[in-house]
Each structure stands twice: as structure tokens, then as C-alpha cells.
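Quick notes on the structure that follows.
Nothing in this text is a laboratory measurement; each read-out follows from the coordinates by a stated rule. Bear in mind that the values here come from a model prediction, so they are computed numbers and not experimental data. Quick reminder, even Gly has a Cβ in these numbers, built from the backbone with ideal geometry, and neighbours come from all protein chains shown.
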């Protein structure tokens, strides 16, 4: 039986792998994409990771992986279908709470792993607009994280797509450093809380573009315009911008675990800074965990905390 199975090989999973290896634990990292790094691989430039300003996202992900490899961390390609208590025919939250002390079976397509503990670092994915130019220009003006990438657009004109709390928070954040922020929303009023709706009125450089949908993101090597269509008039206009921040939702990759551990209304796994979930010896780390800030640096911290909690729990 393994000591730990780490599900996911983004920054949280790789940090957990490093700490598990240094602790001499018998652990394996399961990665479904066949490549380590997670979302950071698609980030053009990372300017807020301490000690490595301006590093390419792919290079940072590879540095994490190389560090784990150097310490002898084991990786296997596998898509996790479920986790069940060792000895149980199927996994349920009640059964896991009772039987978790005996370990778990991580069920994958074609293989199973028996383990004393599990760190779920499966991450999350941003909801897409699914419009022409979005995928092609990701990391070249298309971003899903204003706090990550906003500084690269200082003094420029940008757009934010979305009408919820995150979209308006992004618009306010960007308005403080950018020349103009177009706030594009498909409805005639924003869904964000009233306080945020009042807050954006204080910024003259935030320009609401309501009843409009993004039709296309334009540019060759980088974004230079966003095409929007008015749902009422049918009019199409091009907004000259250097970047667009898409804030139409984030979905945690937690479907395989919802019947096992407690999650919130959005599907994020409930766990504190120590990574402990509602189920014994099952931990959550990184973007799949319920928390206020989802950044590379917090994901790395989560991985370290989860391994430390496991070591405390098995002592």
C-alpha cells in the first residue's frame, strides 16, 4: 500500500510531490493530461512568483517538474474515476469516514491504487467564451486572471467579459492601472452584488457595454480588438483593446469526489489551510480547494501543507 496518492500535477500537486519525496514517503502523482504543470503552462508570463519575475509560465511549470524529478517523485498517467475506502465495494462519505483509517482505493480507468492517504490537487478550469480567437490568443492578450496578468497591460485599453462579482472586481483592479476598461455583459444589468455595482461607478475609465456579447477576439500575434454584438439592435462594433480578461466562471475539477468529501455550492472542496477535508486522510490542495485567492503561490503552499498534515495524521 502506498503512503500517498497525489491527484493532479499542477503547482499544488508538484509541491506535494516535492514535500512527499523529501519526507521519504512512498507516493505517486497521477496526471491525466500526460504533462505536468497545470494551468500555469498556458500562462505567457508570470510576474508575481517570488524570485522569478517575468518567467514564462511553461518554464515555471517545467522547473517545478524538474525539481520533483530530481527528488525521485513518481508520476503516472491516469484519469481518476473515484475514491473509495479500502475494503468497501463503493465509496460514500459515510463509509469513508468510518473506514478511512484502513486506507483508500483510488479507482482509475484500468488501474487501482491502494493508499493510506490522498491529496486531491485536481485543479479547476475557467469557463470559456468559445469564440473565434480565444484559444488562439490565450496568453497573448486573452487572460482569465486579472490579478495575475493585469500589470502587463498598464496604461493600455482592455476589456473584461462577465457580469458577476469576479468580473466587476477585475474591472476595478484593472481600472487602477489601465487607461480604459470596457466591461462587457450580455444582460442589461450586472449580476454582481450591489456594493460592487456602486463601486464601478466611481471609476470614469470603466465603460459598461451592456446587452452585448463577444463575437470574436481579433489579432495575429496579440490581441488588438474585440468584436461585440448588441443583442437588441444587432449592431456589431470593434473595441480597440490590447487584452481581454474573461470572467464568466471557474469550475472546480471535483466531480469524481463530490460523493466522498464535503463541497460548497460551487463544487469546491471544503478544506482549511491545512488541507484537511471532511474525510480522514483525504486532503485538498490548490484551485480545487475552497479559498479566497487562487494563485500559483497559494497552490504551492497548499501542497506543502497537505503533506505536512498527512504526516501529522499518520504519526
Quiz prompt | the range 116-188 versus the range 10-29: alpha-carbon centroid distance in Å | solution = 30
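Taking 0.36 nm per intervening residue step and subtracting the Cα-Cα distance, what contour gain separates residue 48 from residue 128 on full extension? Spell out each step's value before the answer.
On the way: separation 80, 0.36 × 80 = 28.80 nm, distance 2.40 nm.
That works out to 26.4 nm of additional length.
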Practice problem: Quick one: give the max-minus-min coordinate of the C-alpha atoms of the range 179-257 along each principal axis, largest first, in Å. | Solution: 43, 34, 28
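Just to check, using Stokes-Einstein with a Kirkwood Rh over alpha carbon pairs, what's the diffusion coefficient of the range 1-52 at 37 °C and 0.692 mPa s in µm²/s?
271
With a 10 Å radius around each residue's Cβ, average the other Cβ atoms per peptide and rank 7-18, 161-172, highest first.
Descending packing order for the listed peptides: 7-18, 161-172.
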Quiz item: On alpha-carbon atoms, Rg over Rh for the chain using Kirkwood Rh?
Solution: 1.03
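Going by how many other beta carbons lie within 10 Å of each one, how would you line up 62, 315, 1, fewest first?
On the way: 62 17, 315 5, 1 12.
In order of increasing Cβ crowding within 10 Å: 315, 1, 62.
If I take all pairs of Cα atoms in the range 128-246, what percentage of them are more than 25 Å from each other? Provide the component values of the computation, followed by the final result.
Values: 928 of 7021 pairs.
When all Cα pairs of the range 128-246 are counted, 13 percent exceed 25 Å.
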Quiz item: Which shape class applies to the range 192-315: rounded if a/c is under 1.5, otherwise prolate when a/b exceeds b/c and oblate if not, where a ≥ b ≥ c are the square roots of the Cα gyration tensor eigenvalues?
Solution: prolate
